[in-house]
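Colleague: Dropping a structure here in structure tokens format, bear with me for questions.
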Amino acid sequence: MKWFLIYSDIIAPSFFLIIILIKLIRKENYGSNYILVYAIIQILLNSICDYIDFVDGNNYMYYYINQVLTLITLGFLFKSLLSQKKILSDFFFIICVISSLFYSDNITNSFASFPFGILSVFIIINSLYYFKIKFSNVELNYLYANKSFWYVAGLFIYFSSNFLIFISYNNLISKSETINYAYILWLFHNLIFTLMFIIFSLVELWPLFQKRFN
Amino acid sequence: MAIIPKEIQLILEITVLILSLVIFIVFLVINNQRKVNSLILEKIKREKLYEQEILNAENEIQDATMKHISRELHDNVGQMLTLVKIQLNNLSEESPENKKINDSKEFVNNVLTDIRALSKSLNSDNLLHEGLEKAIGFEVERVKKLGNYAVKFSANTGIVSVDRKKEVLIFRIFQELLQNCLKHAKAKNIEVSLEETIQCLNLEVVDDGIGFDFDTKIQKNGFQSGAGLSNLIHRAELMNGNLIFERGKVSGTRAHLTIPV
């Protein structure tokens, strides 16, 4: 179980990627290119981070790169989803990029808690804004039957739940009394990360289930 | 077993709490939208039902009015013309050589025939007594007799039996389509076909007139202008069918009515 939780940050997006590849081979439509890119980034960078961690190296820089690439990818995702109100999304996006750049001096010395915290706030605000504009109209709306809704819901669950872990993690791994236990939080983070990719995978598999049982 | 520091325990507990709360919010949003959707669907259903009731009432009123006019034409105008005809016959016996009297007699005879035909056409009870095909055929013959139009009629029916109420509505739609060909399309040639299959009944009216663009007619001139057409479409929808208007291959309009049976 522990082994699975450690490597679930690679296993979960890989499972999602396999589903998308099968869909591509079968020439079926899949949800979003941005989520696909996000999954590929997670597989590559989490593999590098897990390997460096395995050989007791310093993987902080790769987590920082992960944060920057995630911010850009998901920034474009929300830009496409909130196309009518993109000014607000752009504004937060610029703030987040600037915040991440200010942090770039420390990328090899410490875990990028602050940029991850900023990224989480960016995703939470955009997700809430997405829900607000999509559900504020009193009209017939089957948005929950839409893949985009579940992508945003998955990201919202992951980033809002892990916000506290992200912002406190650097502090916890720098203190002697908590350094040996911080991994418990990271394992829990991986659990929520897996939950997010389970949601993404179910979104892609759901039409197949519907076909099978209809 | 080592004791987990309180700081980590607290973060873990708060994270679990936030996770539960966020999942709860997502499901709350979905549940709320489902309730809103079901209320909207209920409203749409009620509006549709109300619209159908109105349309039904309109159709019933129209049918009753037409029957009343039909009876008035047959019993009142027809009777008076018959009296005029008898009197003209008497006058004709008194002076058989009077050309004016003989011409008037023939004219009254023609008017009487036309009045009877019109009266029959207006009364759906009489007309549909022998079925939709005969009724349409009768109407086609009536238009042919006007002499200005070449009307062809082909039918392939008898496969299924169509509900009486539906027959009345289909016939009224047909009458309206035919009138449109004569009044607005400036058509010379009209082709009517009636075809039944196991699933549906297809009625097609094709003319070689000036034609029109349905969407433009509704949008550009406002709903008022296309009200007759919209009403026809609503009547078709009332029977779960559909009525489409297309441009003809060369010119004119092709109206296609499909009604499930």
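Colleague: Being within 14 Å of another protein chain (Cβ to nearest Cβ), in contact with a Phe, Trp or Tyr (Cβ under 9 Å, 6 or more places away or on another chain) and modelled with pLDDT of 85 or more is the requirement here; does B:V16 meet it?
Modeller: In short, yes.
Colleague: So which of B:I61, B:I25, B:I18, B:I69 ends up being within 23 Å of B:L112 (Cα to Cα) and in a helix (DSSP H, G or I)?
Modeller: B:I69
Colleague: Moving on. Taking the stated definitions as given, is B:N32 more than 30 Å from A:F163 (Cβ to Cβ), within 14 Å of another protein chain (Cβ to nearest Cβ) and in contact with a Phe, Trp or Tyr (Cβ under 8 Å, 6 or more places away or on another chain)?
Modeller: Criteria not met by B:N32.
Colleague: If B:E51 satisfies every condition in (1) among the charged types (D, E, K, R); (2) surrounded by 15 or more Cβ atoms within 10 Å (Cβ to Cβ); (3) within 30 Å of B:L122 (Cβ to Cβ) but one, which is the exception?
Modeller: (2)
Colleague: Still on this model: In the stretch A:135-161, which residue that is within 9 Å of chain B (Cβ to nearest Cβ) and more than 25 Å from A:I192 (Cα to Cα) is modelled with the lowest pLDDT?
Modeller: Checking each candidate, the answer is A:V138.
Colleague: If you don't mind, there's one more thing I want to ask. Within the stretch B:166-185, can one find any residue that is over 29 Å from B:I210 (Cβ atoms) and surrounded by fewer than 18 Cβ atoms within 10 Å (Cβ to Cβ)?
Modeller: For the stretch B:166-185, residues over 29 Å from B:I210 (Cβ atoms) and surrounded by fewer than 18 Cβ atoms within 10 Å (Cβ to Cβ): absent.
Colleague: Follow-up. In the list B:K35, B:K85, B:K100, which residue meets the criterion of being surrounded by 15 or more Cβ atoms within 10 Å (Cβ to Cβ), over 30 Å from B:E167 (Cβ atoms) and at pLDDT 85 or above?
Modeller: Just one listed residue meets the conditions, B:K85.
Colleague: Can you name every residue in the stretch A:168-192 that is surrounded by 21 or more Cβ atoms within 10 Å (Cβ to Cβ) and aromatic (F, W, Y)?
Modeller: Residue satisfying the conditions is A:Y169 alone.
Colleague: Out of the residues in the stretch A:41-62 meeting the condition of being surrounded by fewer than 20 Cβ atoms within 10 Å (Cβ to Cβ) and touching a residue at least 24 places away in the same chain (Cβ under 8 Å), tell me which one is nearest to A:T194 (Cα to Cα).
Modeller: Checking each candidate, the answer is A:I43.
Colleague: Can you tell me which condition A:Q84 does not meet? The list is (1) part of a helix (DSSP H, G or I); (2) at pLDDT 85 or above, and all the others hold.
Modeller: It is condition (2) that A:Q84 fails.
Colleague: Which residue is modelled with the lowest pLDDT, if the candidates are limited to the stretch A:177-188 and must be in a helix (DSSP H, G or I) and more than 8 Å from chain B (Cβ to nearest Cβ)?
Modeller: The selected residue is A:Y183.
Colleague: Check A:N29, A:N109 and return the single one that is touching a residue at least 12 places away in the same chain (Cβ under 8 Å) and surrounded by fewer than 17 Cβ atoms within 10 Å (Cβ to Cβ).
Modeller: Matching residue, one of A:N29, A:N109: A:N109.
Colleague: Given the criteria facing chain A (nearest Cβ under 8 Å) and either at pLDDT below 85 or more than 51 Å from the chain's Cα centre (by Cα) (or both), does B:I3 qualify?
Modeller: Numbers: facing chain A (nearest Cβ under 8 Å): no; either at pLDDT below 85 or more than 51 Å from the chain's Cα centre (by Cα) (or both): yes.
So B:I3 fails the test.
Colleague: Next question. Before we move on, is B:Q62 polar (S, T, N, Q), out of contact with any His (no Cβ under 8 Å at 6 or more places or on another chain) and either closer than 19 Å to A:K132 by Cβ or within 13 Å of chain A (Cβ to nearest Cβ) (or both)?
Modeller: Criteria not met by B:Q62.
Colleague: Please verify whether A:S174 is touching a Ser or Thr at 6+ places or on another chain (Cβ under 8 Å), facing chain B (nearest Cβ under 9 Å) and among the small types (G, A, S), treating the condition exactly as stated.
Modeller: The answer is no for A:S174.
Colleague: Can you find a residue in the stretch B:139-148 that is assigned by TED's automatic domain parsing to the domain that holds B:E60, within 22 Å of B:I61 (Cα to Cα) and under 20 Å from the mean Cα position of the chain (by Cα)?
Modeller: no
Colleague: Right, another one. Restricting the search to the stretch A:175-194, which residues are touching a residue at least 40 places away in the same chain (Cβ under 8 Å) and farther than 17 Å from A:D53 by Cβ?
Modeller: A:L191, A:T194
Colleague: Look through A:I118, A:I165 and report the one residue that is crowded, with 22+ Cβ neighbours inside 10 Å, of a type in the set (V, I, T) and at the interface with chain B (Cβ under 10 Å from one of its Cβ atoms). If you could, list the steps in order and put the result at the bottom.
Modeller: Numbers: A:I118 fails: at the interface with chain B (Cβ under 10 Å from one of its Cβ atoms).
Result of the check over A:I118, A:I165: A:I165.
The values are calculated or read from the model by the stated rules, or taken from the named source; none is laboratory data. Model, not experiment: these values are computed from the prediction. All Cβ positions, even for glycine, are placed from backbone atoms using ideal geometry, and neighbour counts span all protein chains on display.
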